[in-house]
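Okay, so here's the structure we're looking at.
The values are calculated or read from the model by the stated rules, or taken from the named source; none is laboratory data. The structure presented is a predicted model; accordingly, all values stated were derived computationally and were not measured. With ideal geometry, Cβ positions are generated from the backbone for all residues, glycine too; neighbour counts draw on all protein chains shown.
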């Protein structure tokens, strides 16, 4: 173990690799420690508030728009004017922070690239610090890679960089401050901001972020206070930081105005984080005997609760002068099968065409090969305009009941059950081996889609409505009997991963009496 000349009260419990000292400097660690000491008590209070809210939902409470913030929703306010670098975001590419991905994403022709320390990344120590090194080099345009006889470097024009730190619920176990683990959010944000904020501003951009997994405007307020202190500590103008919030929990959907309001000096809009949103709905209503969603493949952006959420997000953003960014289509290019590839490309086109026509200012893709297809659909609607924030969608009216209209409930099929088991095992095995973004069955899967897989299986077991279309009730025994078959299928693909351990973990999570809030919480303890 090493302390790398850590400042007073700071302990690092992980080995140092060559080059890590570029990031883990005493000054940077002291900055993260300053954030921790200032904000850790509030983080813990907010995490406790999440648990209390979950208990009330389990007891039958239904979410609604907050009476105490009606004045915010009715108020005539907007977010601060956008910086030039964030006015045009028609296509955003996302992916993990490995060196090759960063170079390819920045070169992809997308308007921006969200470098992901969260759902597309396994947060082992090497990934977290190597990712910081890679972004440090990319910002200064010194990033290079020689791999398999190929050379990778940045072109003349690159996408605008945005960074997603981990959510409030995750710790960084390898850094202790006064004997206490630091927040993964503050660790990722703090190191990146300390090393790169001034450099980004000098290059005409700025420290831009995506904020995940929030469940309330009070969690957004905490982020805003972090930003204020961080800018003060480095002597940067307030508002230098800009952040887009992923609305990927069903509770946050009821507080979108309030979230924008809390961050209004630092806001860059909202994003429709669709996969985590579906998982959140399952998690929050997991014991409601009247709630049961159909096969994952049936829960598209056009089903009632997803359509209501997408339109409300769009209307809310544009009313406040904020960008509305559409979510991820998980489809990816399919090599060596032109027919399947054509179908996948058409799926991408339809997804982005719907977003653009509705009024969204941009959308996400997970692969450089999809940037052009997505861009064509947004350009067809926007033309030369950088965005369509002026499209206010005053025709949209969404009630609480619309956000809670959870259809379809059927079909639930054996094929859908098997797919959830297969994807869950495959993804968990790859995650344990260090890969957080994994192509499975011609879709790009990350932690969000794995969460849907295991939570659906758990809920089908628990719910009286968890009945297959052939009349069989989904049971723990049925799931246990299918796991060895799906484990064998995963292994037969030749994929690399810790699949036997993954199958054990999936079985435990899917069939236990109690529901684990995030699969990444217990899995993180397995990582070095």
Inset, instruction - Could you please let me know if residue 400 is out of contact with any helix residue (DSSP H, G or I) (no Cβ under 8 Å at 6 or more places or on another chain) and surrounded by fewer than 22 Cβ atoms within 10 Å (Cβ to Cβ)? - result: no
Legend entry - Failed criterion for residue 521 (all others in (1) closer than 26 Å to residue 336 by Cβ; (2) part of a helix (DSSP H, G or I); (3) out of contact with any helix residue (DSSP H, G or I) (no Cβ under 9 Å at 6 or more places or on another chain) hold): (1)
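Okay, residues lined up against (1) assigned to a loop (DSSP other than H, G, I, E, B); (2) in the same structural domain as residue 118 (by TED's automatic domain parsing); (3) surrounded by 13 or more Cβ atoms within 10 Å (Cβ to Cβ):
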position: 477; (1), (2), (3): no, no, no
position: 485; (1), (2), (3): no, no, no
position: 489; (1), (2), (3): no, no, yes
position: 494; (1), (2), (3): yes, no, no
position: 497; (1), (2), (3): yes, no, yes
position: 502; (1), (2), (3): no, no, yes
position: 505; (1), (2), (3): no, no, yes
position: 510; (1), (2), (3): no, no, yes
position: 513; (1), (2), (3): yes, no, no
Legend entry - All positions within region 293-314 that are more than 19 Å from the chain's Cα centre (by Cα) and surrounded by fewer than 22 Cβ atoms within 10 Å (Cβ to Cβ): 294, 295, 297, 298, 302, 303, 304, 305, 307, 308, 311
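Table: residues versus (1) within 30 Å of residue 250 (Cα to Cα); (2) in contact (Cβ under 8 Å) with a residue 60 or more places away in the chain; (3) in contact with a strand residue (DSSP E or B) (Cβ under 6 Å, 6 or more places away or on another chain); (4) outside the structural domain of residue 118 (by TED's automatic domain parsing).
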site	(1), (2), (3), (4)
168	yes, yes, no, no
180	no, yes, no, no
188	yes, yes, no, no
197	no, no, no, no
203	no, yes, no, no
212	yes, yes, yes, no
235	no, no, no, no
Inset, instruction - Answer yes if at least one residue in region 35-57 is in a loop (DSSP other than H, G, I, E, B), assigned by TED's automatic domain parsing to the domain that holds residue 227 and on the phi < 0 side of the Ramachandran plot, and no otherwise. - result: no
Legend entry - So residue 381, is it part of a helix (DSSP H, G or I), farther than 21 Å from residue 268 by Cα and either modelled with pLDDT under 95 or in contact with a strand residue (DSSP E or B) (Cβ under 7 Å, 6 or more places away or on another chain) (or both): no
Legend entry - Scope region 48-63; condition under 22 Å from the mean Cα position of the chain (by Cα) and loosely packed, with under 14 Cβ neighbours inside 10 Å; matching residues: 48, 51
Inset, instruction - Check region 395-409 and report whether any residue there is touching a strand residue (DSSP E or B) at 6+ places or on another chain (Cβ under 9 Å) and part of a loop (DSSP other than H, G, I, E, B). - result: no
Legend entry - Candidates 104, 127 - the one that is in a helix (DSSP H, G or I), closer than 26 Å to residue 528 by Cβ and either modelled with pLDDT under 95 or assigned by TED's automatic domain parsing to the domain that holds residue 276 (or both): 127
Inset, instruction - Go through 344, 322 for me and flag whichever is crowded, with 24+ Cβ neighbours inside 10 Å, touching a strand residue (DSSP E or B) at 6+ places or on another chain (Cβ under 8 Å) and in contact (Cβ under 8 Å) with a residue 60 or more places away in the chain. - result: 322
Inset, instruction - Just give me the residues in region 449-469 being more than 14 Å from residue 516 (Cα to Cα) and either touching a strand residue (DSSP E or B) at 6+ places or on another chain (Cβ under 7 Å) or crowded, with 24+ Cβ neighbours inside 10 Å (or both), in sequence order. - result: 449, 460, 466, 467
Inset, instruction - Can you run down the residue pairs with Cβ atoms below 6 Å, 6 or more apart or on separate chains, where the first is in region 145-158 and closer than 13 Å to residue 103 by Cβ and the partner is assigned to a loop (DSSP other than H, G, I, E, B) and modelled with pLDDT of 95 or more? - result: 154/141; 155/107
Inset, instruction - Give just the number: which of (1) in a loop (DSSP other than H, G, I, E, B); (2) within 26 Å of the chain's Cα centre (by Cα); (3) within 16 Å of residue 260 (Cα to Cα) does residue 76 not satisfy? - result: (2)
Inset, instruction - Inspect all residues belonging to region 436-449 and state whether any of them is in a loop (DSSP other than H, G, I, E, B) and free of Cβ contacts under 8 Å to residues at least 24 places away in the same chain. - result: yes
Inset, instruction - Return yes when residue 374 is under 13 Å from residue 270 (Cβ atoms), buried (at least 23 other Cβ atoms within 10 Å of the Cβ) and touching a strand residue (DSSP E or B) at 6+ places or on another chain (Cβ under 9 Å) and no when it is not. - result: no
Legend entry - Complete set of residues in region 68-95 that are exposed (fewer than 12 other Cβ atoms within 10 Å of the Cβ) and within 26 Å of residue 327 (Cα to Cα): 81
